[in-house]
Protein chains: 2
Amino acid sequence: MTQETTTTPANPQHLLGLLATTRAIRRYTGEPVPESALRDILFAATRAPSGSNRQPFRFLVLTDGPRAIAAKCLIGESARRLWKDKRQRDGYERGSGGRPDSAKKRMADTLQEYVGQFEFVPVLVLPCLIRYRDPAPTEGASIYPACQNLLLAARALGYGGVMTGFSRPVDAELRELLGIPSNVFIAGCITLGRPRGRHGPVRRRPLQELVYADAWGE
Amino acid sequence: MTQETTTTPANPQHLLGLLATTRAIRRYTGEPVPESALRDILFAATRAPSGSNRQPFRFLVLTDGPRAIAAKCLIGESARRLWKDKRQRDGYERGSGGRPDSAKKRMADTLQEYVGQFEFVPVLVLPCLIRYRDPAPTEGASIYPACQNLLLAARALGYGGVMTGFSRPVDAELRELLGIPSNVFIAGCITLGRPRGRHGPVRRRPLQELVYADAWGE
């Protein structure tokens with residue numbers, strides 16, 4: 001059996017374009033994400049690799065049920081507290097070096113709006129990892145590739161999203177609300193929806209700052 | 001500015017197909033991966049998201065220099081030790097429930113060959129994370145999405161790879177050899193090359209076992 005499942009050849013540049021242009025989307029139109037799109041997005045997520053192909057990942061999808069709304073409220077409150085602290089600590093008002101910094105100001109406005117309207121995000125996904133050994137930094141290799149597939153699939157279908165750690169401070173409350181067992185690691189929280197307004201390009205450092213050949217720093 | 005950088009519209013099914021059909025590739029032809037392909041693959045990796053967009057990821061690319069060869073030898077020996085233990089412990093010989101299991105046997109043969117020829121992998125990439133706070137399971141969110149982008153880009157260009165933890169037992173030796181600072185987490189090791197022979201489909205559990213709606217287990 002070959003690797004290819006599509007019938008016409010895919011354009012590698014389109015595929016690379018998807019990877020290079022998927023950016024965090026934090027502003028959504030109010031429209032729901034249709035069941036079929038959500039299914040495709042989650043299917044792509046669950047095809048990701050994991051250590052020894054154990055597939056310890058589970059995706060808890062929260063849309064508009066009573067528990068979903070309660071979870072959005074919990075995380076929304078947490079998000080507003082975290083952002084309020086971060087905004088002051090990281091000097092989003094000041095800009096860099098005391099000068100106003102318009103990109104940073106725009107980001108602050110976007111984040112303010114994101115946390116302010118968190119309860120209205122169309123879809124909230126909690127990516128979870130069923131632990132079969134002690135917590136370790138490497139365990140992320142069995143959940144975060146799947147999260148990336150999820151975000152890429154959303155983008156491919158015209159949706160967008162972002163993963164944050166806003167669920168972390170309300171971890172215990174979420175477990176109780178959603179019946180998540182203690183051996184399960186809630187790895188983050190992802191919001192998804194149809195992008196609203198214009199979004200800038202992906203902002204990343206140049207390749208040569210991030211890739212070394214043959215030894216560290218070279 | 002819009003999100004799209006390509007000039008003709010991409011086919012969403014091709015993009016979803018890429019995500020759903022990228023499997024671990026452990027058998028390679030001997031041919032080197034051209035510089036331009038490697039650059040595209042690494043570019044895609046570095047466009048991945050990370051916490052607060054800090055981009056703490058660095059990719060150490062090892063091909064055929066003296067230190068690259070030494071690193072491949074170190075990890076190759078580690079891989080053979082780890083696989084020998086795992087093969088016995090996880091009963092790859094027995095199959096499941098005492099019966100022979102042909103898929104498991106094939107996997108064992110592939111892994112045996114992979115570790116046996118580790119020194120000859122065309123490209124070895126060490127994905128690294130510069131730590132700016134104490135180690136934590138969530139830090140993987142800033143390195144493993146980039147690893148997944150790397151593997152997907154390789155696949156898009158007709159290459160393939162796999163990420164393992166074979167570098168873990170020789171972490172200290174690799175640091176010394178490659179000059180990797182102590183605040184840097186070597187998150188795994190990825191091998192890349194042109195796939196050799198036929199590879200089966202992605203083997204994953206059905207969607208409904210991995211996705212819950214509204215509460216854990218539902």
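The values are calculated or read from the model by the stated rules, or taken from the named source; none is laboratory data. Model, not experiment: these values are computed from the prediction. As a convention, Cβ positions derive from the backbone with ideal geometry for all residues, glycine included, and neighbour counts pool all protein chains shown.
Here B:Gly51 meets each of (1) at the interface with another protein chain (Cβ under 8 Å from one of its Cβ atoms); (2) in contact with a strand residue (DSSP E or B) (Cβ under 7 Å, 6 or more places away or on another chain) with one exception, condition (2).
Is there a residue in the stretch A:24-35 that is surrounded by fewer than 20 Cβ atoms within 10 Å (Cβ to Cβ) and at the interface with another protein chain (Cβ under 7 Å from one of its Cβ atoms)? For the stretch A:24-35, residues surrounded by fewer than 20 Cβ atoms within 10 Å (Cβ to Cβ) and at the interface with another protein chain (Cβ under 7 Å from one of its Cβ atoms): present.
There is at least one residue in the stretch A:62-72 that is surrounded by 19 or more Cβ atoms within 10 Å (Cβ to Cβ), more than 17 Å from the chain's Cα centre (by Cα) and at pLDDT 95 or above.
If I filter the stretch A:169-178 for residues that are within 24 Å of A:Val33 (Cα to Cα), more than 8 Å from every other protein chain (Cβ to nearest Cβ) and of a type in the set (Asp, Glu), do I get at least one hit? No, because not a single residue in the stretch A:169-178 is within 24 Å of A:Val33 (Cα to Cα), more than 8 Å from every other protein chain (Cβ to nearest Cβ) and of a type in the set (Asp, Glu). Being more than 9 Å from chain A (Cβ to nearest Cβ), modelled with pLDDT of 95 or more, surrounded by 14 or more Cβ atoms within 10 Å (Cβ to Cβ) and assigned to a helix (DSSP H, G or I) is the requirement here; does B:Ala45 meet it? Criteria not met by B:Ala45.
Checking each residue in the stretch A:73-85 for being more than 17 Å from the chain's Cα centre (by Cα) and crowded, with 18+ Cβ neighbours inside 10 Å picks out only A:Leu74.
Sort out which residues of the stretch A:90-145 are farther than 18 Å from A:Thr164 by Cα, modelled with pLDDT under 95 and either part of a strand (DSSP E or B) or polar (S, T, N, Q) (or both), and write them in order of number. Passing the criteria: A:Ser96, A:Ser102.
The residues of the stretch B:48-82 that are farther than 21 Å from B:Val121 by Cα and part of a helix (DSSP H, G or I), listed by number, are B:Gly51, B:Ser52, B:Asn53. Those residues that are within 21 Å of A:Glu176 (Cα to Cα) and of a type in the set (Phe, Trp, Tyr), I need them from the stretch B:180-218; list them, please. Answer for the stretch B:180-218, where residues must be within 21 Å of A:Glu176 (Cα to Cα) and of a type in the set (Phe, Trp, Tyr): B:Tyr212, B:Trp216. Scanning the stretch A:56-85 for residues being free of Cβ contacts under 8 Å to residues at least 12 places away in the same chain and within 11 Å of chain B (Cβ to nearest Cβ) gives a total of 2.
For (1) more than 7 Å from every other protein chain (Cβ to nearest Cβ); (2) under 16 Å from A:Val211 (Cα atoms); (3) charged (D, E, K, R); (4) crowded, with 16+ Cβ neighbours inside 10 Å, each residue gets a yes or a no:
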| position | (1), (2), (3), (4) |
| --- | --- |
| B:Thr138 | no, no, no, yes |
| B:Cys147 | no, yes, no, yes |
| B:Ala153 | no, yes, no, yes |
| B:Met163 | no, no, no, yes |
| B:Asn183 | yes, no, no, no |
| B:Thr191 | yes, yes, no, yes |
| B:Arg198 | no, no, yes, no |
| B:Leu207 | no, no, no, no |
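Looking across the stretch B:158-210, the residues that are in a helix (DSSP H, G or I) and without any contact (Cβ under 8 Å) to a residue 40 or more places away in the chain come down to B:Asp171, B:Ala172, B:Arg175, B:Glu176, B:Leu207, B:Gln208, B:Glu209, B:Leu210. Among the residues that make up the stretch A:22-39, is at least one of them among the hydrophobic types (A, V, I, L, M, F, W, C), in contact with a Cys (Cβ under 8 Å, 6 or more places away or on another chain) and modelled with pLDDT of 95 or more? So far as the stretch A:22-39 goes, no, none of its residues is among the hydrophobic types (A, V, I, L, M, F, W, C), in contact with a Cys (Cβ under 8 Å, 6 or more places away or on another chain) and modelled with pLDDT of 95 or more.
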